[in-house]
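Structure, as structure tokens:
The values are calculated or read from the model by the stated rules, or taken from the named source; none is laboratory data. Model, not experiment: these values are computed from the prediction. As a convention, Cβ positions derive from the backbone with ideal geometry for all residues, glycine included, and neighbour counts pool all protein chains shown. To get the accessible areas, we keep the full protein, side chains included, count just its heavy atoms, and leave off ligands, DNA and RNA. Shrake-Rupley method; radii C 1.70, N 1.55, O 1.52, S 1.80 Å.
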Amino acid sequence: LTVMGKPALASLHPNHVLRSRRWTECFRWDLGKFFRHAQGKLNWQEPEIVLDPTLSELDAALARFDSLRSIVAADTETVGARGEEDKLPDPDTCQLRCLGLGDRSFAIVVPFLSISRGGYFRIPPAPARDRIRNFFARHPYGLTGHNINVYDRPVLLRHGMPLPDYDKTFDTVIADHVWDSEFPHGLDFLSSRRLDAP
């Protein structure tokens, strides 16, 4: 991120840190990250992202994940019941907008609900669902995700793509509650603290 041609990162206001000392560690983390960013030394590379893939691109991505022999990240994006934008999504009634799968260098996002394009997809939802269901069933290295076991699991099950058993899924929200119970557990905050993403 740059502002007026200079490197910039968002952080806590120093007065807030002085008044609430529990944020000192986070502020130090942000300062270290900022100095690495200013020196061009962040340990981060933007992943390649494929949006609305073709069937062959989805097949290639799933084969790539299988060949890596490592855990794969999964995340759903949903909207309220019947696709209503203003309703808080409930895992038991929401519509699945898209599913993303990825690792540190590559991600693929498969749409299942399109509001802006009138329902046109490069892959019809049924073949995409079948391939992803088979991938979940056969991938022995497991999946990780933010709230994957509490929210994504029932959503994907309802949409015909059940996740592997709990022993093959790692939920970053639950883990962060154990590691840092005092701090927020949102994906933006967690990513900012745990990754060198700018």
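Scan segment 150-179 residue by residue and report those that are without any contact (Cβ under 8 Å) to a residue 60 or more places away in the chain, part of a loop (DSSP other than H, G, I, E, B) and either open to solvent by 30 Å² or more (accessible area, probe 1.4 Å) or on the phi > 0 side of the Ramachandran plot (or both). Listed by number, the residues that qualify are GLY160, PRO162, ASP165.
Let's see how each residue does on (1) assigned to a loop (DSSP other than H, G, I, E, B); (2) open to solvent by less than 70 Å² (accessible area, probe 1.4 Å); (3) farther than 17 Å from VAL110 by Cα:
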position: ILE132; (1), (2), (3): no, yes, no
position: PHE135; (1), (2), (3): no, yes, no
position: PRO184; (1), (2), (3): yes, yes, yes
position: ARG193; (1), (2), (3): no, yes, yes
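Is at least one residue of segment 113-121 open to solvent by 40 Å² or more (accessible area, probe 1.4 Å), at pLDDT below 95 and of a type in the set (D, E, K, R)? Yes, segment 113-121 contains a residue that is open to solvent by 40 Å² or more (accessible area, probe 1.4 Å), at pLDDT below 95 and of a type in the set (D, E, K, R). Taking segment 11-38 on its own, how many of its residues are within 13 Å of ASP196 (Cα to Cα) and either free of Cβ contacts under 8 Å to residues at least 60 places away in the same chain or open to solvent by 70 Å² or more (accessible area, probe 1.4 Å) (or both)? Within segment 11-38, residues that are within 13 Å of ASP196 (Cα to Cα) and either free of Cβ contacts under 8 Å to residues at least 60 places away in the same chain or open to solvent by 70 Å² or more (accessible area, probe 1.4 Å) (or both) number 7.
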